[in-house]
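Below is one structure; the comments refer to it alone.
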Amino acid sequence: MELPKSQDRIMDRLKTRGPQSVKILSKQLGMTTMGVRQHLADLETKGLVLQTQEERQTRGRPVHLWKLSKSGHNRFPDSHAQTALELIDVIRSSLGEESLNQLIDSRSAKVQASYRAQLDATAPGLQQQIERLAQLRSEEGYMAEVRLLPDGWMLIENHCPICSAATSCQQFCKSELEIFQRLFENEATVERTDHLLEGARRCAYKITAHRA
């Protein structure tokens, strides 16, 4: 189902920022509140968005927030999901769980080497390295971004293009965290703060520079 450009923008904003009010969407996207409401109503009819329960404010009336439905999230691709699941099942049944984990670790080592080469070719500086990693992850479909914190950085992945595979075999998630930790092991500590498979709407990693 192809959507109008304005509805695609709304979908992207709900994917990357989570539940939003009509007023906030209007301000962020440069659209009228009436226009946003009309698009949301159409998206709701298509089953792509839904309203959350009312959010209480300290002042004024409660605000309804809008978020993606399950069908809305499914519009963002899970790369070759069915093929990946079938391969995982075949390897697990034929070679066992340990062999499957070893294959994933081998893949992760190649991914890490590729990232390392890309980061080595990037301008020096921890922030530049993190931003380059986010760019590489976005190119792979993770919709990654970096946010500056008072005590470090947050690497956020708003989408997981291998979610079905990761759900079937969580070694993928374990390896992902280990890759990030190894990439920055001499400069920073990396910890996962949000995990899609634990009910969060995204995966996020806090990166804290080592003290001199």
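The values are calculated or read from the model by the stated rules, or taken from the named source; none is laboratory data. Just so it is clear, the model here is predicted, and its values are computed rather than measured. Glycine gets a Cβ as well: all are built from the backbone with ideal geometry, and neighbour counts include every protein chain shown.
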* Only one of Glu178, Glu145, Glu140 that is out of contact with any Lys or Arg (no Cβ under 9 Å at 6 or more places or on another chain) and modelled with pLDDT under 95 -> Glu140
* To do: Output the number of residues of region 1-38 satisfying the condition of being among the small types (Gly, Ala, Ser) and not in a helix (DSSP H, G or I).
  => 3
* Selection within region 150-174 - at pLDDT 95 or above and among the small types (Gly, Ala, Ser) -> Gly152
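Would you please name the residue that is surrounded by the fewest Cβ atoms within 10 Å (Cβ to Cβ), looking only at residues in region 137-165 that are under 13 Å from the mean Cα position of the chain (by Cα) and more than 24 Å from Pro19 (Cα to Cα)?
The first filter runs over region 137-165 and keeps only residues under 13 Å from the mean Cα position of the chain (by Cα), leaving 137-146, 154-163.
With the extra rule that they be more than 24 Å from Pro19 (Cα to Cα), the set shrinks to 139-140.
Details: Glu139: 9, Glu140: 13.
Among them, the one singled out is Glu139.
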* Asked: Of the residues in region 22-51, how many are polar (S, T, N, Q) and either under 18 Å from Asn74 (Cβ atoms) or within 21 Å of the chain's Cα centre (by Cα) (or both)?
  -> 2
* To do: Would you confirm whether any residue within region 145-157 is out of contact with any Phe, Trp or Tyr (no Cβ under 9 Å at 6 or more places or on another chain), part of a strand (DSSP E or B), small (Gly, Ala, Ser) and without any contact (Cβ under 8 Å) to a residue 24 or more places away in the chain?
  => no
* Asked: How many of the residues making up region 70-108 are hydrophobic (A, V, I, L, M, F, W, C), surrounded by 14 or more Cβ atoms within 10 Å (Cβ to Cβ) and at pLDDT 90 or above?
  -> 4
* **Within region 9-21, tally of residues that are closer than 14 Å to Arg75 by Cα and either assigned by TED's automatic domain parsing to the domain that holds Cys160 or hydroxyl-bearing (Ser, Thr, Tyr) (or both)** => 1
* Structure fact -> Note: among Arg201, Arg192, Arg182, just one is in contact (Cβ under 8 Å) with a residue 40 or more places away in the chain and buried (at least 16 other Cβ atoms within 10 Å of the Cβ), namely Arg201
* Any chance Gly60 is modelled with pLDDT under 90, outside any strand (DSSP E or B) and touching a strand residue (DSSP E or B) at 6+ places or on another chain (Cβ under 6 Å) -> no
* Leu48, sole failed condition from (1) in contact with a Leu (Cβ under 8 Å, 6 or more places away or on another chain); (2) more than 24 Å from Arg147 (Cα to Cα); (3) modelled with pLDDT under 90 -> (3)
